[in-house]
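The values are calculated or read from the model by the stated rules, or taken from the named source; none is laboratory data. Predicted, not measured: the structure shown is a model, and the values here were computed from it. Calculation scope for accessible area: heavy atoms of the full protein, side chains included, ligands and nucleic acids excluded. Shrake-Rupley method; radii C 1.70, N 1.55, O 1.52, S 1.80 Å.
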Amino acid sequence: MATAKKTIAAKKAAPAAKKTVAAPKSAVAKKPAASAATLKPIKTAFNKTKLQAHLAEVAGVEPKAAKAVLAALEATIVASMNKKGLGEFTLPGLLKITAQSIPAKKKRRGIDPFTKVEREFAAKPATVRVKVRPLKKIKDASL
């Protein structure tokens with residue numbers, strides 16, 4: 001009989017505990033979404049520390065967490081663009097970074113388009129050109 005009373009008391013206490021835990025999570029989750037919808041246009045350029053502070057304020061997290069996220073994003077982009085990496089990185093909806101390899105060009109003789117005199121054009125080594133393309137959200141925001 002004593003065990004039956006304990007289990008009934010435990011069942012009554014458990015739903016009350018769940019309700020108190022669920023309420024703060026939903027309040028925290030709504031705060032960043034509401035502030036993201038009401039963002040005003042930014043008229044000044046950010047340096048790294050001001051960007052981290054701004055992101056921490058908008059997201060409602062500690063500045064240390066925003067700094068860690070930016071560092072992880074930077075490391076991910078560098079690893080993707082590495083010589084042995086994929087060679088492209090997409091930040092969904094915002095931008096796409098690609099690496100385009102340009103082959104070497106040999107020394108050649110040709111006509112200078114400005115002076116119309118024949119001359120030798122120097123050789124150029126192989127190189128990699130990095131291109132950044134804006135995607136839909138950035139294009140729509142700039143209209």
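For region 45-53, backbone phi angles converted through the Karplus equation (6.51, -1.76, 1.60; θ = phi - 60°) give residue-by-residue couplings of 7, 9, 8, 5, 5, 5, 5, 4, 5 Hz, Gly and Pro being listed as x.
In the context of the full set of protein chains, region 59-99 has a per residue accessible area of 69 Å² (1.4 Å probe).
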